[in-house]
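The values are calculated or read from the model by the stated rules, or taken from the named source; none is laboratory data. Quick caveat, the model's predicted, so the values are computed rather than measured. For neighbour counting, all protein chains shown are included, and Cβ atoms are generated from backbone atoms with ideal geometry for every residue, glycine included. Side chains are part of the model used for accessible areas, which takes the heavy atoms of the whole protein and leaves out ligands, DNA and RNA. Shrake-Rupley method; radii C 1.70, N 1.55, O 1.52, S 1.80 Å.
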Amino acid sequence: MLTVEGLRSRYGRIEVLHGIDLEVQSGEIVTVVGANGAGKTTLLRCLSGVQPVSSGTITFRGEALVPVPAYRRLARGLAQSPEGRQIFTNLTVEENLRLGAFLFADDRVEKDMDDAFRMFPVLKEKRNLAAGGLSGGQQQMLAMARALMGRPSCLLLDEPSMGLAPIIVAQIFEVVKGIRDLGVTTLLVEQNAFGALKIADRGYVMETGHITLSGAAEELIADPRIREAYLGI
Ligand code: ATP
């Protein structure tokens, strides 16, 4: 579904992605794990089109994505739930969700909203409240639900566990599994390597702008290098 080949990207003169190769098959949860500053967010920003690519290719559902502007990528089926959630705090929960569906003006929007509320019952309870009043975990759920309102075939999920208590992190990862059950393919970027690899089919390890290891998630969890560097085992 998504193929990245030789992807390079830079901030000014400093290159931070040095030739990334990565593949996501339809129906998979694929995770990219790595320490703070490895380049995971930059990779997702290249995929969603808000960060310039200096060379390499991104192919999504058979089409070259690099020339497609960011605002057209959602219509191609690629949605991002960004780092830091980026919800609109002064708008209500429902208004945030409707913004996720900005491409559509059909009856299915209401059905999608009902589906979102079924998946995230707490958002239904709070639908008329300002999103800024939600807890961190609830805001993360809103960010994911808003992305799903865009009817993506592939969801780019940036650090959904960031800043959340362990019990909430476990809930969030359960939700990501539920998103796969909806038939949405997920590329999940995480510093929480163990949590991400536990729910993923395959994983990539990113270090200072390079992919240094990749494989089936269960193999990566068992790999002594990963256990030592990322799992603290
Ligand atoms: P984090 O978990 O902190 O988001 P990350 O793996 O997502 O880390 P990136 O945010 O992609 O890493 O950062 C990769 C490198 O690019 C880091 O060295 C970072 O300092 C640098 N960088 C990120 N954003 C900018 C920017 N706007 N301008 C200059 N350098 C940046």
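Where helices (runs of 4 or more DSSP H) fall wholly inside region 102-217, the ranges with 3 or more residues that are within 16 Å of the ligand (Cβ to nearest atom) and buried (at least 21 other Cβ atoms within 10 Å of the Cβ) are 193-199. Tell me, yes or no, whether region 36-56 has at least one residue that is closer than 23 Å to LEU231 by Cα and out of contact with any strand residue (DSSP E or B) (no Cβ under 9 Å at 6 or more places or on another chain). The answer is yes; a qualifying residue exists. Does at least one position in region 80-95 carry a residue that is at positive phi and either in a helix (DSSP H, G or I) or open to solvent by less than 30 Å² (accessible area, probe 1.4 Å) (or both)? No, there is no match, as no residue in region 80-95 is at positive phi and either in a helix (DSSP H, G or I) or open to solvent by less than 30 Å² (accessible area, probe 1.4 Å) (or both). Only one of the numbered conditions (1) under 19 Å from the mean Cα position of the chain (by Cα); (2) within 16 Å of the ligand (Cβ to nearest atom); (3) surrounded by 15 or more Cβ atoms within 10 Å (Cβ to Cβ) is violated by GLY37, and that is (3).
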